[in-house]
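Each reported figure results from applying straightforward, stated rules to the coordinates on display, with no laboratory input. Owing to the predicted nature of the structure, the values given are computational and were not obtained by experimental measurement. Cβ atoms come from the backbone with ideal geometry, glycine included; neighbour counts cover every protein chain shown.
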Amino acid sequence: MLEAGFHFEILPSNAEEMHDPQLSPAQLTESNALIKAAPIAETHRDAVVIGADTLVYLDGEPLGKPVDMAQAEAMLCRLVGKTHQVCTGVALLRYGDLITFHVITEVTFKVLTIAEIRAYLALIDPLDKAGAYAAQDLGEIIIERTAGSFTNVIGLPMNELTQHLSKHYDIVPTKR
């Protein structure tokens with residue numbers, strides 16, 4: 001966010017995320033963003049608190065964070081050569097006022113061999129990433145193309161966030 005001209009304090013939330021495959025990508029990620037933001041907003045009442053949650057969806061099925069390297073490898077094997085969606089839900093909280101939105105980006109993976117997948121996994125930590133990959137960490141190795149917000153794939157759709165902060169809270173990025 002600093003690169004975008006915002007100076008925010010990052011406070012991790014220890015909230016337990018929902019995992020309900022019956023919810024739409026928008027509903028699930030926006031709900032989880034609110035679950036993450038709410039406890040921080042309680043202790044920082046004068047601040048605009050931003051919560052975000054990102055999930056990867058393949059054929060409508062959510063792919064969360066893998067529990068181990070074997071699951072990370074299996075996730076990437078399912079994604080190779082295919083187009084999937086990355087949905088990030090965002091919740092903005094201030095003085096009890098709530099704004100939520102989501103952004104969906106389509107990501108197409110390259111056709112990769114199992115050796116290429118394993119080599120990529122050796123270069124990153126896939127266990128804390130939805131879909132077991134990080135577009136910002138050597139994503140060019142696995143991603144053929146994206147359609148939509150690239151920052152959304154990283155985990156926070158900056159253009160849309162900037163618009164909401166400006167419109168609802170009169171917060172604009174500082175010039176660098």
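The Stokes-Einstein estimate for segment 90-168, based on a Kirkwood radius over Cα pairs and taken at 25 °C with 0.890 mPa s viscosity, is a diffusion coefficient of 171 µm²/s.
Between the amide H of residue 112 and those of 81, distances stay under 5 Å, these residues lying 5 or more places away or on another chain, with hydrogens modeled in the peptide plane.
At full extension, residue 110 and residue 136 could sit 7.8 nm farther apart than now, given 0.36 nm per residue minus the alpha carbon distance. Given their separation in residues at 0.36 nm each and the Cα-Cα distance between them, residue 128 and residue 58 gain 23.4 nm when the chain is fully extended. For the chain, a Gaussian network of Cα nodes joined below 10 Å ranks 44, 164, 84 by mean-square fluctuation, and the top entry is 44.
Of the residues 103, 153, 111, the one that moves most in a GNM of the chain with alpha-carbon contacts below 10 Å is 111. If you look at the Cα atoms of segment 25-81, you get an Rg and a Dmax of 15.3, 46 Å. With a simple spin-label model that places each label point 7 Å from the Cα along the Cα-to-Cβ direction, the separation between residue 67 and residue 80 comes to 2.4 nm.
Remark: segment 43-49, residue by residue, has Karplus-estimated 3J(HN,Hα) of 9, 10, 5, 8, 9, 8, 9 Hz, where x stands for each Gly or Pro and the curve is 6.51 cos²θ - 1.76 cosθ + 1.60 at θ = phi - 60°. Placing a label point 7 Å from the Cα of residue 10 along the Cα-to-Cβ line, the residues of segment 57-93 whose backbone N sits under 18 Å from it are 88-91. Under the criterion of Cα pairs below 8 Å and six or more residues apart, the relative contact order for segment 1-98 equals 32 percent.
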